[in-house]
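Each reported figure results from applying straightforward, stated rules to the coordinates on display, with no laboratory input. Worth saying up front: this structure is predicted, and the values here are computed from it rather than measured. A quick note on method: Cβ atoms are made from the backbone with ideal geometry, for glycine too, and the neighbour counts reach across all protein chains shown.
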Amino acid sequence: MMELRGKAVADALKEKIKKFLDKMDEKERPQLAVVRVGERSDDLAYERMVMKNCAALGLPVRVEAMNEQVTTDEILELIDALNGDDAVRGILVFRPLPVGIDEQAVIEAVSVEKDVDCMNPQNLQYVMVSDERAIPPCTPEAVMRILSYYGFSLEGKNVVIVNRSGVIGRPLSIMMLEQNATVTVCHSRTKNLARITSQADIVVVGVGRPRFFGAEYFNENSIVIDIGINFDERGACGDVDYDAVAPAVRAITPVPGGVGTVTSTVLLSHVLPEAFL
């Protein structure tokens with residue numbers, strides 16, 4: 001069994017970003033703008049992680065913190081200013097926004113070119129039609145980068161994705177089709193799910209059910225990508241019962257330490273796409 005750890009993939013991405021930034025004058029380096037409304041504990045934790053990663057790379061980051069009494073118009077005014085600021089190359093808005101804020105209006109206001117987390121529906125449209133201007137959602141791109149890094153080609157492979165959301169399953173299916181995979185998208189109402197997944201070459205799962213997928217969902221040659229992040233009495237875990245499945249498959253991502261590790265770095269890579277040309 002091969003364990004597909006995310007750290008090596010993330011480190012390779014970070015190395016490219018850092019090398020590119022090291023060639024730039026500090027005053028010329030692009031900025032990531034983080035927009036946070038209120039002080040939700042998960043938002044603050046994510047903010048600390050983003051700032052730590054940016055500091056390690058030498059990527060400037062600025063946090064625009066607003067209180068929960070802010071209005072939609074005030075947030076839109078801030079977004080407009082960030083859109084027009086040439087120093088800002090990426091905008092990340094923490095969601096969900098407080099009740100009373102028109103979240104859809106906010107995400108649609110973020111410039112498509114600066115939308116590092118694929119919030120703007122226009123970016124999703126670009127992904128769906130394979131437009132070269134697309135900035136894909138971070139988690140699907142993380143999945144693709146993990147498979148590529150560890151040398152797994154999608155050409156001619158049968159792939160099953162157990163997630164049909166607009167930010168993971170659907171865009172990921174398009175991205176995999178672009179690499180000539182044959183893709184089946186499943187969901188909570190799919191019948192005979194284990195029979196379908198166990199016949200696939202690659203299985204991507206993300207249903208939000210801790211340790212739901214046992215060995216019967218896979219075969220000895222399965223490549224398993226677990227994008228679930230859950231907590232149970234034993235701590236953090238994925239949607240796959242790792243202990244039961246890992247010895248019985250060809251390769252698998254751990255949780256924690258798998259896809260999530262790469263996702264946060266993909267976000268930063270979207271601020272500086274030219275580093276990967």
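Using alpha-carbon pairs under 8 Å, 6+ residues apart, how would you state the relative contact order of the chain in percent?
That works out to 22 percent.
To the nearest 20 debye, what charge dipole does the chain have about its Cα centre, counting +1 at the Cβ of each Lys and Arg and -1 at the Cβ of each Asp and Glu?
Details: 29 positive and 40 negative charges, 203 e Å.
About 980 debye.
Just going by the charge dipole of the chain, with Lys and Arg at +1 and Asp and Glu at -1 on Cβ, which of Val116, Ala142, Asn221 is farthest out on the positive end?
The residue sitting farthest along the positive end of the dipole is Asn221.
Counting pairs of alpha carbon atoms under 8 Å apart in space and at least six apart in sequence, what relative contact order in percent does the range 25-114 give?
Numbers: 109 pairs, mean separation 36.1, N = 90.
Result for the range 25-114 is 40 percent.
What is the ratio of the Cα radius of gyration of the range 138-260 to 2.2 N^0.38 Å, with N the residue count, to two decimals? Provide the component values of the computation, followed by the final result.
Numbers: Rg = 13.0 Å, N = 123, 2.2 N^0.38 = 13.7 Å.
Rounded to two decimals, the normalised Rg is 0.95.
Give a quick list of trypsin sites (Lys or Arg not before Pro) in the range 103-164 that DSSP marks as loop, anything other than H, G, I, E or B, with at most 12 other Cβ atoms within 10 Å. Walk me through the intermediate numbers first.
Values: sites: Lys114, Arg133, Arg145, Lys157, Arg164; in loops: Arg133, Lys157, Arg164.
Those that pass, being in a loop and sparsely packed, are Arg133.
Using the structure shown, select from Lys19/Lys157; Lys18/Lys157; Lys16/Lys114; Lys27/Lys52; Lys157/Lys191 the pairs with a Cα to Cα distance greater than 27 angstrom.
Numbers: Lys19/Lys157 34 Å; Lys18/Lys157 34 Å; Lys16/Lys114 20 Å; Lys27/Lys52 19 Å; Lys157/Lys191 22 Å.
Table pairs above 27 Å Cα-Cα are Lys19/Lys157; Lys18/Lys157.
Taking H as built 1.01 Å from N, whose amide H comes closer than 5 Å to the amide H of Met66, not counting residues under 5 places away?
Arg36, Val37, Gly38
Using the alpha-carbon centroid of each, what span in Å lies between the range 65-86 and the range 180-194?
First find each Cα centre; the distance between them is then 40 Å.
Quick one: what are the phi-derived ³J(HN,Hα) couplings along the range 195-211, Karplus 6.51/-1.76/1.60 with θ = phi - 60°, whole Hz, x for glycine and proline?
Computed from phi, the couplings for the range 195-211 are 5, 6, 5, 5, 9, 8, 7, 10, 10, 10, 10, x, 10, x, 10, x, 6 Hz.
Is there a quick way to get the dipole size of the range 147-277? I mean about its Cα centre, with the Cβ of Lys and Arg at +1 and of Asp and Glu at -1; what is the value in debye to the nearest 20?
Numbers: 10 positive and 12 negative charges, 86 e Å.
Value, rounded to 20: 420 debye.
What is the diffusion coefficient of the chain in µm²/s, taking the Kirkwood radius over Cα pairs and the Stokes-Einstein relation at 37 °C with a viscosity of 0.692 mPa s? The partial results should precede the final answer.
Numbers: Rh = 19.7 Å.
The diffusion coefficient I find is 167 µm²/s.
Tell me, Val259, Val88, Val110 in order of fewest to most beta-carbon neighbours within 10 Å?
Result, fewest neighbours first: Val88, Val110, Val259.
Could you name the aspartates and glutamates in cross-link range of Lys7, using Cα to Cα under 13 Å and dropping any fewer than eight places away on the same chain?
Glu15
Loop only per DSSP, at most 14 neighbouring Cβ atoms within 10 Å: give me the GluC sites (Glu not before Pro) in the range 69-174, ordered by residue number. Walk me through the intermediate numbers first.
Numbers: sites: Glu74, Glu77, Glu103, Glu108, Glu113, Glu132, Glu141, Glu155; in loops: Glu132, Glu155.
Those that pass, being in a loop and sparsely packed, are Glu132, Glu155.
At 222 nm, what helix-only mean residue ellipticity would the chain give, in deg cm²/dmol to the nearest 500, using -39500 (n - 2.57) for each DSSP H run of four or more? Write down the numbers at each step before the final one.
Numbers: 10 runs with 102 residues, N = 277.
Per the formula, -11000 deg cm²/dmol.
About its Cα centre, what dipole magnitude does the range 88-141 give when the only charges are +1 on Lys and Arg Cβ and -1 on Asp and Glu Cβ, stated in debye to the nearest 20?
On the way: 4 positive and 9 negative charges, 25 e Å.
Dipole size: approximately 120 debye.
Would you mind telling me the antiparallel percentage of the DSSP bridges in the chain, rounded to 5?
Of all bridge pairs located within the chain, approximately 10 percent are antiparallel.
Please work out the Cα center distance from the range 243-273 to the range 136-151, rounded to the nearest Å.
Taking the Cα centre of the range 136-151 as reference, the centre of the range 243-273 is 8 Å away.
So which trypsin sites (Lys or Arg not before Pro) in the range 170-216 pass both tests, a DSSP loop state and at most 16 other Cβ atoms within 10 Å of the Cβ?
On the way: sites: Arg189, Lys191, Arg195, Arg211; in loops: Arg189, Lys191, Arg211.
Sites meeting the loop and neighbour criteria: Arg189, Lys191.
How big is D, in µm² s⁻¹, for the range 25-114 by Stokes-Einstein at 37 °C and 0.692 mPa s if Rh is the Kirkwood radius over C-alpha pairs? Before the final figure, lay out the partial values.
Details: Rh = 13.6 Å.
Answer from the Stokes-Einstein relation: 242 µm²/s.
Which one, Ala248, Pro60, Gly208, projects farthest toward the positive side of the charge dipole computed for the chain from Cβ point charges (K/R +1, D/E -1)?
Towards the positive end, the residue furthest out is Ala248.
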